[in-house]
Number of protein chains: 2
Amino acid sequence: MSEGTREQVLEVAARGRTAAADLAPLPRGVKDAALFAVADALTARSAEILEANAVDLERAKESGTPSYMLDRLALSAERLEQIAAAVREVAALPDPVGEVVRGYTLPNGLELRQLRVPLGVVGIIYEGRPNVTVDAAALTLKSGNAVLLRGSSSAYDSNVALVNVMRDALEGTDVPADAIQLVPGRDRESVKHLMRARGLVDVLIPRGGASLINSVVEESTVPVIETGVGNCTVYVDGDADVEMALGILINSKTQRPSVCNTAETFLVHKDIADVFVPRALEALKDKGVTVHGDERVRSYSAEVVEATEEDYRTEYLSLDIAAAVVDSLDEAVKHIRAYSSGHTEAIVTNSQQAAKRFVSLVDSAAVAVNASTRFTDGGEFGFGAEIGISTQKLHSRGPMGLPELTSTKYVFTGEGHLRGV
Amino acid sequence: MSEGTREQVLEVAARGRTAAADLAPLPRGVKDAALFAVADALTARSAEILEANAVDLERAKESGTPSYMLDRLALSAERLEQIAAAVREVAALPDPVGEVVRGYTLPNGLELRQLRVPLGVVGIIYEGRPNVTVDAAALTLKSGNAVLLRGSSSAYDSNVALVNVMRDALEGTDVPADAIQLVPGRDRESVKHLMRARGLVDVLIPRGGASLINSVVEESTVPVIETGVGNCTVYVDGDADVEMALGILINSKTQRPSVCNTAETFLVHKDIADVFVPRALEALKDKGVTVHGDERVRSYSAEVVEATEEDYRTEYLSLDIAAAVVDSLDEAVKHIRAYSSGHTEAIVTNSQQAAKRFVSLVDSAAVAVNASTRFTDGGEFGFGAEIGISTQKLHSRGPMGLPELTSTKYVFTGEGHLRGV
């Protein structure tokens, strides 16, 4: 696992392909037993994992990595316990494979069934946190897929240790060790080989910032599921309850500003602006949020920074928010269509008509009515686990749980049925 | 509609985007009325359509196009009646948009609904037959999508006439005319602009031969759904009923050899080869089929041509079939994994165990048990219509009907719900 040449990456992908074929027909019990073995090994062998993590941390410190990024990278015995517990939670979820999605008997007597089957070989390209290494491996294994993991080079030693421990744990089970593999190499070149491994890799899921995702989308010939870029909006309608709107705005912006379902813009209907905007500016100021507003928002306070076109497009992931006053719900929708990333948009309104129109016109993965944008999340939606939040329209849109890591297969059964015309 | 420069193609795509936004919330009644208007116009204005078609036919004859391709290109008053009738059939199908795919109330009282919504702007890149122009337009309109049609240059005049007639018909309805547009240009360059129109086009569906599909997959940054390449297999198990196996083999190969769900290979278990292969060779010969066999198949007849590695990979679409004798069901599966395009594979067997194992191990869009491969078809499956047969695993696999032309949107409704952790 050193270089990451084309041959090495393709060899790993081919081994994944073989493992995927062996994994696909395995019943739930075999996969769950393997997940429990993985969870046990992660805590039993925590010493060597933490040792490898220390190497990553040391390298990161030497290169002047900021402390919040060091925190993301750092493992501890306690964090490993939590990671192992998450693996056991995945084991407890229902197995999507084999579910009959649709089934009926055709007029000619043929019995048709559409069954969930694994996707096959899933490549995950991600940044930062080494817990994603285990998380992604558990979710793909549970859904019957072989995974190719390509984490950040900053977490390389941690990832090597985690994958070694997981693979060793599989050796004692009926799941092939090659169900979990690390893509060799630390440089960009090895990622490129992965992105061109069409026919060996069934899907790539990039998890991370916009630039990572865009580069994978642009360069990959393997099908890609885009995840996680969120430029979310809260629209306060003329008919809104002001207290409710304040609560939703503050929660959407400040409850956890660094994640994709946080609000990055708020829009206010002109009929409620005089009442709402001053109170919103005060509440946001109390939370330390800088507001970037249009002229009408700035007319309420000198502390509002002038918003540029670029502000409305920006996923701040910080204590900043863009703002504008709009003349109508339709103007709010127009703004959202122009600037939103299609993740989550919220409306606060007491009007049934306004809610219906907003839901119908906004073309995003999730639309919230009188609720915080922060609820768009696999855990909150009751999926039990999440591999990411898709902001594309094909295959899956919104939070992706285990069923979203599957494809389907049609099976039709006859008694010598022949086609006439 | 002459040149097909980048600007022109992007302008058409942008108009499609606007039309898609207007189309998305339209109720079924409006869309159906538009489809009936389109159907009526196609027959009312048949004279000008046939005139344009005559220009295409003349040009094709001059360039020495073979007669079976001229037949595909040719329209007639009768064919236009059939095309219009197909549009009315699409109108009669249920509207997938707005269907609640999943819905429940979360423990905190938030009401969660997952609704079907249109994909948005759908680009169809296709060859030959001008009836696809109308077919694709009807299916995309019914599912609330704007379509960008890019047919073959050989059918250019026919397609211009058909699209003009359909757009004129929309003028008298509440559906925007830009719901149906032709991509300008006849050359490869204009297709390239379409394939790079990421953000304006939501999905491209290439319909045609393997080389068209591969080039779109390789070059497109817009998400692609691969359709229609079929290298299908009939496996005759050691436990098969010989008469049934003969019927299924002949039907799968000869009932309509030019389409993607026709069989291109048959594999025979060694235990039944002495009984089955001589009869199969005779029956295939009677139908004019040339068999390309391995050594064991050739031992039964001098008329069997020697099969190369390439034969097992080939989608003949002609009266040719590759053949081999295998030692076991697992060897048949191995052959299929190595050579099949993942469209449809059939097993003929009386053994419940063999059927179960074959279904579980074969990784194709459709698996037939004791039935002809020819049944893999949206019409036969009861979908009422088909935009193509997907052989990829993401989004949709197998025959694609109207629901497969949609995405979904999560809507969650609260009463000021805020997230705590």
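The values are calculated or read from the model by the stated rules, or taken from the named source; none is laboratory data. The shown structure was predicted, so the numbers you read here are calculated from the model rather than taken from an experiment. Cβ sites come from the backbone with ideal geometry, for glycine too, and all protein chains shown count toward neighbours. Only protein heavy atoms, including side chains, enter the accessible area calculation; ligands, DNA and RNA are left aside. Shrake-Rupley method; radii C 1.70, N 1.55, O 1.52, S 1.80 Å.
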**OP:** Return the FRET efficiency for the residue pair B:D40, A:L317: r is the Cβ-Cβ distance, R0 is 60 Å, and the value is rounded to the nearest 0.05.
**Re:** 0.65
Original post:
Do you know the relative contact order of the range A:232-375, to the nearest whole percent, from alpha carbon pairs under 8 angstrom that are 6+ apart?
Top reply: 34 percent
Subject >> Net charge, B:Y339 excluded, C-beta distance under 12 Å - Lys, Arg +1, Asp, Glu -1 >> reply: -3
**OP:** Set the Förster distance to 22 Å, then compute FRET efficiency between A:E81 and A:S153 from the Cβ-Cβ distance, nearest 0.05.
**Re:** 0.25
**OP:** With a probe of 1.4 Å, find how much accessible area the protein assembly as shown has per residue, and write the answer as a whole number in Å².
**Re:** 38 Å²
**OP:** Pick out, from B:L141, B:I225, B:V165, the residue whose Cα sits farthest towards the positive end of the charge dipole of the range B:138-235, with +1 on the Cβ of Lys and Arg and -1 on the Cβ of Asp and Glu.
**Re:** B:I225
**OP:** Please name which of A:A366, A:Y316, A:F266 has its Cα lying farthest along the dipole of the range A:232-375 towards the positive end, using unit charges on Cβ (Lys, Arg +1; Asp, Glu -1) and the Cα centre as origin.
**Re:** A:A366
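Find out how many positive minus negative residues lie around A:R188, taking Lys and Arg as positive, Asp and Glu as negative, among other residues whose Cβ is under 12 Å from that of A:R188.
Values: positive: A:R150, A:R186, A:K192; negative: A:D187, A:E189, A:E219.
With Lys, Arg at +1 and Asp, Glu at -1, the net is 0.
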Subject >> Length released on extending from B:D286 to B:L70, taking residue separation times 0.36 nm less the Cα-Cα span >> reply: 74.9 nm
**OP:** For chain A, with a Gaussian network of springs between Cα atoms less than 10 Å apart, report the residue from A:L70, A:L141, A:L170 with the top mean-square fluctuation.
**Re:** A:L70
**OP:** Before anything else, pin down the relative contact order of chain A: Cα pairs under 8 Å, at least 6 apart, normalised by residue count, whole percent.
**Re:** 18 percent
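Calculate the dipole size of the protein assembly as shown relative to its Cα centre from +1 charges on Lys and Arg beta carbons and -1 charges on Asp and Glu beta carbons; express the result in debye to the nearest 20.
On the way: 84 positive and 118 negative charges, 82 e Å.
Dipole about the Cα centre, nearest 20: 400 debye.
May I ask you to derive the relative contact order of the range A:96-143, considering only C-alpha pairs under 8 Å and at least 6 residues apart, and to give it as an integer percent?
Details: 38 pairs, mean separation 15.5, N = 48.
Dividing the mean separation by the residue count of the range A:96-143 yields 32 percent.
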**OP:** Kindly express, to the nearest 10 degrees and within the range 0 to 90, the angle between helix B:77-92's C-alpha long axis and the longest C-alpha principal axis of chain B.
**Re:** 80 degrees
Subject >> Length released on extending from B:V421 to B:A338, taking residue separation times 0.36 nm less the Cα-Cα span >> reply: 25.0 nm
Subject >> Spin-label model distance (nm) - A:E243 vs A:R256, 7 Å beyond Cα toward Cβ >> reply: 2.8 nm
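Going by the alpha-carbon gyration tensor, a ≥ b ≥ c the square roots of its eigenvalues, is the range A:232-375 rounded (a/c under 1.5) or, if a/c is not under 1.5, prolate (a/b greater than b/c) versus oblate?
Values: a/c = 1.34, a/b = 1.16, b/c = 1.15.
Verdict is rounded for the range A:232-375.
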Subject >> Virtual spin-label span in nm between B:E306 and B:E171, 7 Å along Cα→Cβ >> reply: 6.6 nm
Original post:
Can you list the residues of the range A:169-185 with backbone N under 19 Å from a point 7 Å past the Cα of A:V30, pointing along Cα to Cβ?
Top reply: A:169-181
Original post:
Could you state the number of Å between the C-alpha centres of the range B:383-421 and the range A:18-69?
Top reply: 33 Å
Subject >> the protein assembly as shown: antiparallel DSSP beta bridges as a percent of all, rounded to 5 >> reply: 30 percent
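For a test of the definition: using alpha carbon positions, the gyration tensor, and the 1.5 limit on a/c, classify the range A:1-40 as rounded, prolate or oblate. Show your work: numbers first, answer last.
Values: a/c = 7.23, a/b = 1.85, b/c = 3.91.
Oblate.
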Subject >> Residues A:E51 and B:K356, FRET efficiency given R0 of 35 Å [Cβ-Cβ distance, rounded to 0.05] >> reply: 0.15
Original post:
Between chain A and chain B, with a rotation axis joining them, whose C-beta in A is nearest that axis, and what is the whole-Å distance?
Top reply: A:H395, 2
Subject >> Pair-distance profile P(r), taking every C-alpha pair of the protein assembly as shown, with 20 angstrom steps and integer % >> reply: 15, 43, 34, 8, 0
Original post:
Under the Karplus relation 6.51 cos²θ - 1.76 cosθ + 1.60, θ = phi - 60°, what is the ordered set of whole-Hz ³J(HN,Hα) values for the range A:336-343, x standing for Gly and Pro?
Top reply: 4, 4, 7, 10, 5, 8, x, 8
Original post:
Alpha carbon centre of the range A:191-259 versus the range B:90-117: separation in Å?
Top reply: 23 Å
**OP:** Work out the length of the dipole vector of the range B:1-124 about its Cα centre, built from +1 on the beta-carbon of each Lys and Arg and -1 on the beta-carbon of each Asp and Glu, and round it to the nearest 20 debye.
**Re:** 520 debye
**OP:** Between the label point of A:R28 and that of the same position in each other copy, find the distances and list them shortest first in nm, with every label point placed 7 Å from Cα along the Cα-to-C-beta direction.
**Re:** 3.5
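Given only helices, namely DSSP H runs of n ≥ 4 each adding -39500 (n - 2.57), what is the per-residue ellipticity at 222 nm of chain A, to the nearest 500 deg cm²/dmol?
On the way: 15 runs with 181 residues, N = 421.
About -13500 deg cm²/dmol.
Take every residue in peptide B:160-173, count the Cβ atoms of other chains within 10 Å of its Cβ, and give the average of those counts. Please list the in-between numbers first.
Working: counts 0, 0, 0, 0, 0, 0, 0, 0, 0, 0, 0, 0, 0, 0.
For this peptide, the per-residue mean of nearby foreign Cβ atoms is 0.
What accessible area, summed over both chains, is buried at the A-B interface (1.4 Å probe, Å², nearest 100)? Each step should come with its number before you reach the end.
Working: alone 18900 and 18900 Å², together 31760 Å².
Chains A and B together bury approximately 6000 Å².
What does DSSP give for chain B in terms of the percent of beta bridges that are antiparallel, rounded to the nearest 5?
On the way: 17 of 56 bridges.
Taking every DSSP beta bridge within chain B, about 30 percent pair in antiparallel fashion.
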Subject >> Shortest-first distances to equivalent copies, position A:K334, nm, label 7 Å out along Cβ >> reply: 6.6
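Nearest 5 percent is fine: what portion of the DSSP beta bridges confined to the range A:232-375 is antiparallel?
Numbers: 0 of 24 bridges.
That works out to approximately 0 percent antiparallel.
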Original post:
For the range B:102-112, what does the Karplus curve 6.51 cos²θ - 1.76 cosθ + 1.60, with θ = phi - 60°, yield as ³J(HN,Hα) per residue in whole Hz, taken in order and with x for Gly and Pro?
Top reply: 7, x, 7, 9, 6, x, 7, x, 5, 8, 10
Subject >> Kirkwood hydrodynamic radius (C-alpha pairs) into Stokes-Einstein, chain A, 37 °C and 0.692 mPa s, D in µm²/s >> reply: 141 µm²/s
Original post:
In the range B:232-375, carbon and sulfur make up what percent of the accessible area (probe 1.4 Å)?
Top reply: 46 percent
**OP:** Only Lys, Arg, Asp and Glu count, each charged at its Cβ (+1, +1, -1, -1), so figure out the dipole size of chain B about its Cα centre, rounded to 20 debye.
**Re:** 1080 debye
Subject >> Pseudo-label separations to other copies for B:T65 - Cα-to-Cβ vector, 7 Å, nm >> reply: 6.2
**OP:** On a 0 to 90° scale, report how tilted helix A:131-142 is relative to the longest principal axis of chain A, with both axes built from alpha carbons and the result rounded to the nearest 10.
**Re:** 60 degrees
